[in-house]
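Here the structure comes first, spelled out in structure tokens, and everything after it is commentary.
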Amino acid sequence: MPTPSAAPARRGAARRPAAPAASPLASGLVAGGGWGLLVALVVHLLAVLMVLVAWVVSPSTQWTAGDSIGIGLRASAMAHGAAVAVGASGPEGETLTLHGGPTVLALVGAWGVWRSVRTLVGCVEAAAGEDVGDDVVLVPAAGVAAGYLVGHALPLLLAGRLGTAGSAGSWVLGLFLVALLPAVVGLVTACSPARRDVWFSDWPGDAGELLQDALVPAGRALRWLAVAGALVVVACLVVRWPQVAAVHRVTGADGGAGVVLTAVQGGWLPTAVGWGTAWLAGPGVVVPSGAFTPGGAPHLALPAVPVLGALPGQGTFSPWWWAVLLVPMAVGAFLPPVARAQAEQFVQEAGTPGVAARALLACALVGIGATALGPLLGVGVAPGALERLHPHPLWGLALAAELAVGVGLRLAMDHLRQRAGAQRAEAGRVSAG
């Protein structure tokens, strides 16, 4: 028999109203927005810490430690495509406008958005099952992207740290690339295969299926081209090391200041890799007075930035240097097997037309991606001779064309090899008969 003291406790528990269940959409939006805000704040914090460490190692009389927040916010904005006006004046009294911040910040932001979306979508499907509605999966991904956009832009707008009116377009494009595109990629790669197949099957004709199968070879091509571009950067640093060291000595940065200077320049490593890839593609990196291509380099007075000493020497190069265009073609030659493997996950055997369509679509995706990334891979100080240093606007088109040539050569070689094998098999049957 229950004790008298226990009965009221149970009656009180029975009268207590149940807490309303939180809406999955609302909780997903809040969780996604929180993660997006956190990623944006981490990017801002990295930028501020970079500036603060530089001031601690080599204090400047032109700005104080308290200015690190404002300068860091400007650097973060520049990394996302904004142009920022600085307080100094040029030779003729004009305000100097800086383009191109440390793109490693944008890379960290893109990775954070992608990783957050993958984690949230995976948790939602694991908790609610793969049969949960699409909106329950889409909302967290949208929340991450929206949270990153708000977390990145709001501190800048509140602090008034955006400099020029002409930077709005490139800044919006940069935010789109860093926030929305990684969120979409994370969503597509994290959701269940069944859900992904349903999404792409709703496209007209076979467009969705072709696009789904082309994403993997396009990603492989981007990684291989990035590796090739990084090797170009390493080769330039090795060959031009005396010039890099000479510029470093001119800056007078030694000891801790030299280490910080080197680390800060590493913030532009993604930009350098993009330049190396553009050089391999042929159009190269353009400046107002010309372009750095496999055929030569323009005469240009560069600022005292050590890493810029690694740029190729001025003048005309040997025509044999144009052979570097074979590198993107070689990358394209590896795409048909990847496209065939993707197609054969759904069909018994992928024919040559289907493989060609998927591989060529992957080439087009790479070209579109490279063209879109171009504005983020530029640096410059305006006005001046180094007003803009960025990949040629046609570098994406050149990459797509060279990859397509490699795809065509590989498919032609495979066709000839299959034809020769069939002829040998037929000759064997005739001789046996």
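The values are calculated or read from the model by the stated rules, or taken from the named source; none is laboratory data. Everything numeric here is computed off the predicted structure, so don't read it as measured data. Cβ placement follows ideal geometry from the backbone for every residue including glycine, while neighbour counts extend to all protein chains displayed.
Please pick out the residue among L225, L187, L237, L231 that is farther than 19 Å from E344 by Cα and in the same structural domain as V113 (by TED's automatic domain parsing).
Working: L225 fails: in the same structural domain as V113 (by TED's automatic domain parsing); L237 fails: in the same structural domain as V113 (by TED's automatic domain parsing); L231 fails: in the same structural domain as V113 (by TED's automatic domain parsing).
The match here is L187.
Looking at region 304-312, can you tell me whether even one residue there is out of contact with any Leu (no Cβ under 6 Å at 6 or more places or on another chain) and closer than 18 Å to W395 by Cβ?
Filtering region 304-312 for residues out of contact with any Leu (no Cβ under 6 Å at 6 or more places or on another chain) gives 304-307, 309, 311-312.
Narrowing further to those that are closer than 18 Å to W395 by Cβ: 311-312.
Looking through region 304-312, at least one residue is out of contact with any Leu (no Cβ under 6 Å at 6 or more places or on another chain) and closer than 18 Å to W395 by Cβ.
Would you check which residues across region 313-343 are within 19 Å of L231 (Cα to Cα) and free of Cβ contacts under 8 Å to residues at least 40 places away in the same chain and list them?
W320, W321, A323, L326
Assess whether G28 counts as being farther than 19 Å from V260 by Cβ and modelled with pLDDT of 80 or more. Even if it seems obvious, please write down each step before you answer.
Values: farther than 19 Å from V260 by Cβ: yes; modelled with pLDDT of 80 or more: yes.
Yes; evaluated as a whole, the condition is true for this residue.
Could you list, in sequence order, the residues of region 277-291 that are under 19 Å from W321 (Cα atoms) and surrounded by fewer than 22 Cβ atoms within 10 Å (Cβ to Cβ)? Working first, answer last.
Step one: of region 277-291, the residues under 19 Å from W321 (Cα atoms) are 277-286, 290-291.
Matches in region 277-291: G282, P283, V286, G290, A291.
Residues of region 176-195 being surrounded by 16 or more Cβ atoms within 10 Å (Cβ to Cβ) and at pLDDT below 85, which ones?
Residues satisfying the conditions are S192, R195.
Limited to region 106-128, what total is found for residues that are under 18 Å from the mean Cα position of the chain (by Cα) and either of a type in the set (G, A, S) or in a loop (DSSP other than H, G, I, E, B) (or both)? Please lay out each step first, then the result.
Within region 106-128, the subset under 18 Å from the mean Cα position of the chain (by Cα) is 106-118.
Among the residues that remain, those that are also either of a type in the set (G, A, S) or in a loop (DSSP other than H, G, I, E, B) (or both) are: 106, 109-110, 112, 116.
Within region 106-128, residues that are under 18 Å from the mean Cα position of the chain (by Cα) and either of a type in the set (G, A, S) or in a loop (DSSP other than H, G, I, E, B) (or both) number 5.
If you go through region 287-324 one residue at a time, how many are touching a Lys or Arg at 6+ places or on another chain (Cβ under 8 Å) and over 30 Å from V259 (Cβ atoms)?
The total comes to 1.
Return the pair list, or none, for Cβ contacts closer than 7 Å from residues in region 186-199 that are without any contact (Cβ under 8 Å) to a residue 24 or more places away in the chain to residues that are of a type in the set (A, V, I, L, M, F, W, C), at least 6 apart or on different chains.
R196/V188
May I ask you to say which residue of V198, V216 is β-branched (V, I, T) and not assigned by TED's automatic domain parsing to the domain that holds Q345? Let's see the steps before the verdict.
Details: V216 fails: not assigned by TED's automatic domain parsing to the domain that holds Q345.
Criteria check complete, one pass: V198.
Out of curiosity, is A153 at pLDDT 90 or above, closer than 30 Å to G70 by Cα and not basic (K, R)? Give the derivation first.
Numbers: at pLDDT 90 or above: no; closer than 30 Å to G70 by Cα: yes; not basic (K, R): yes.
Answer is no for this residue.
Would you tally the residues in region 383-408 being modelled with pLDDT under 90 and either more than 18 Å from W268 (Cβ to Cβ) or surrounded by fewer than 19 Cβ atoms within 10 Å (Cβ to Cβ) (or both)?
5
I'm trying to understand the selection: among the residues of region 129-150, which are in a helix (DSSP H, G or I) and either of a type in the set (D, E) or at pLDDT below 75 (or both)? I'd like the intermediate steps shown before the answer.
Taking region 129-150 as the starting set, the residues that turn out to be in a helix (DSSP H, G or I) are 134-150.
Of everything in region 129-150, those that are in a helix (DSSP H, G or I) and either of a type in the set (D, E) or at pLDDT below 75 (or both) turn out to be D134, D135.
Could you pull out the residue among T189, T262, T271 that is in contact with a Lys or Arg (Cβ under 8 Å, 6 or more places away or on another chain) and polar (S, T, N, Q)? Steps first, please.
On the way: T262 fails: in contact with a Lys or Arg (Cβ under 8 Å, 6 or more places away or on another chain); T271 fails: in contact with a Lys or Arg (Cβ under 8 Å, 6 or more places away or on another chain).
Of the residues listed, the single one that is in contact with a Lys or Arg (Cβ under 8 Å, 6 or more places away or on another chain) and polar (S, T, N, Q) is T189.
Hey, does region 284-303 have a residue that's small (G, A, S), in contact (Cβ under 8 Å) with a residue 40 or more places away in the chain and under 30 Å from V216 (Cα atoms)?
So the first thing to find is which residues in region 284-303 are small (G, A, S), and the list is 284, 289-291, 295-297, 301.
Still in the running and in contact (Cβ under 8 Å) with a residue 40 or more places away in the chain: 284, 289, 291, 301.
Checking the rest, the ones that are also under 30 Å from V216 (Cα atoms) come to 284.
Among the residues of region 284-303, at least one is small (G, A, S), in contact (Cβ under 8 Å) with a residue 40 or more places away in the chain and under 30 Å from V216 (Cα atoms), which makes the answer yes.
For region 258-305, name all the residues that are closer than 24 Å to P383 by Cβ and over 25 Å from the mean Cα position of the chain (by Cα).
P288, S289, G290, A297, P298, H299, L300, A301, L302, P303, A304
Is it true that some residue in region 84-95 is of a type in the set (A, V, I, L, M, F, W, C), within 21 Å of G151 (Cα to Cα) and modelled with pLDDT of 85 or more? Talk me through it step by step, then tell me what you get.
Pass one, region 84-95, residues of a type in the set (A, V, I, L, M, F, W, C): 84-86, 88.
With the extra rule that they be within 21 Å of G151 (Cα to Cα), the set shrinks to 84.
Those still in the list that are modelled with pLDDT of 85 or more too: none.
No: zero hits.
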